[in-house]
Amino acid sequence: MNRFVARGKESPWKLDLKSPRALGLLSVVAASALIAVRLPARPAKRDADASRAAFLEVYRVLTSPRCQNCHPAGDAPLQGDDSHVHSQNVKGGKDGHGVYGMRCDTCHQIKNLPGEHMPPGNPKWSVPVPEQKMVFVGRSPAELCQQLKDPKQNGGRTLAMLLDHVANDDLVGWGWNPGDGRTLPPLSRVETAAQMKVWVEGGAACPE
């Protein structure tokens with residue numbers, strides 16, 4: 001028999017820790033504590049408004065000359081800050097690396113050539129293949145958003161893979177290192193990846 005003491009005096013309330021009633025009460029308390037520990041935290045609510053706002057920032061980058069020039073509506077890549085059609089009648093061809101007798105790597109070497117407006121370079125220089133063109137030119141924010149999420153148009157990528165593509169792909173990174181005489185995208189690569197992460201984590205919501 002245990003006695004509870006209050007203010008120096010024995011309390012008249014007694015609890016027999018060996019009684020069935022006390023053991024039952026302790027069992028309920030212990031079980032409740034265990035359930036509280038095991039319950040997972042509720043996932044953070046996806047913020048669709050923040051997701052849409054973030055995509056609009058990404059859209060500014062994707063439709064800048066450094067990105068859209070390699071994602072035209074037709075088969076000819078674009079050039080310059082004014083996105084004019086590539087000179088020499090260049091075409092992307094079946095594999096995105098040019099056509100016979102005028103392959104991309106004829107002028108585009110593995111790195112940028114020195115000097116303003118000289119041919120830029122990267123070991124993977126190309127445009128998207130015809131089956132997955134990923135057109136940026138002329139697309140509204142809603143259209144481009146839906147297109148990016150479509151595995152049939154984005155190279156079979158998940159949202160996580162899209163984020164990695166923007167953040168880490170070597171050829172994509174050229175957009176922020178385009179050589180002398182070319183305007184950079186409106187956001188840095190780190191800022192673009194951060195905005196894209198917000199878009200993805202918010203459920204990849206699209207502007208209306």
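The values are calculated or read from the model by the stated rules, or taken from the named source; none is laboratory data. Small disclaimer: the values here were computed from a predicted structure and weren't measured. Note that we place each Cβ from the backbone using ideal geometry, even for glycine, and neighbour counts take in every protein chain shown. Surface areas here come from the heavy atoms of the whole protein model, side chains and all, with no ligands, DNA or RNA. Shrake-Rupley method; radii C 1.70, N 1.55, O 1.52, S 1.80 Å.
Does E131 meet the test of being modelled with pLDDT of 95 or more and out of contact with any Phe, Trp or Tyr (no Cβ under 8 Å at 6 or more places or on another chain)? Show your work before the answer.
Numbers: modelled with pLDDT of 95 or more: no; out of contact with any Phe, Trp or Tyr (no Cβ under 8 Å at 6 or more places or on another chain): yes.
So E131 does not fit the description; no.
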Quiz item: Being outside any helix (DSSP H, G or I), under 18 Å from Y59 (Cα atoms), modelled with pLDDT of 95 or more and open to solvent by 40 Å² or more (accessible area, probe 1.4 Å), is that true of even one residue in region 162-185?
Solution: yes
Practice problem: Scan (1) modelled with pLDDT under 95; (2) assigned to a helix (DSSP H, G or I); (3) not hydrophobic (A, V, I, L, M, F, W, C) for the single condition N154 breaks and write down its number. | Solution: (2)
Quiz item: Residues of region 48-85 being of a type outside the set (S, T, Y), in contact (Cβ under 8 Å) with a residue 12 or more places away in the chain and in a loop (DSSP other than H, G, I, E, B), which ones?
Solution: N69, C70, H71, P72, A73, D75, A76, P77, G80, D81, D82
Quiz item: Identify, please: which residue in region 47-70 is buried (at least 21 other Cβ atoms within 10 Å of the Cβ) and among the aliphatic types (A, V, I, L, M) and is, among those, farthest from G173 (Cα to Cα)?
Solution: A54
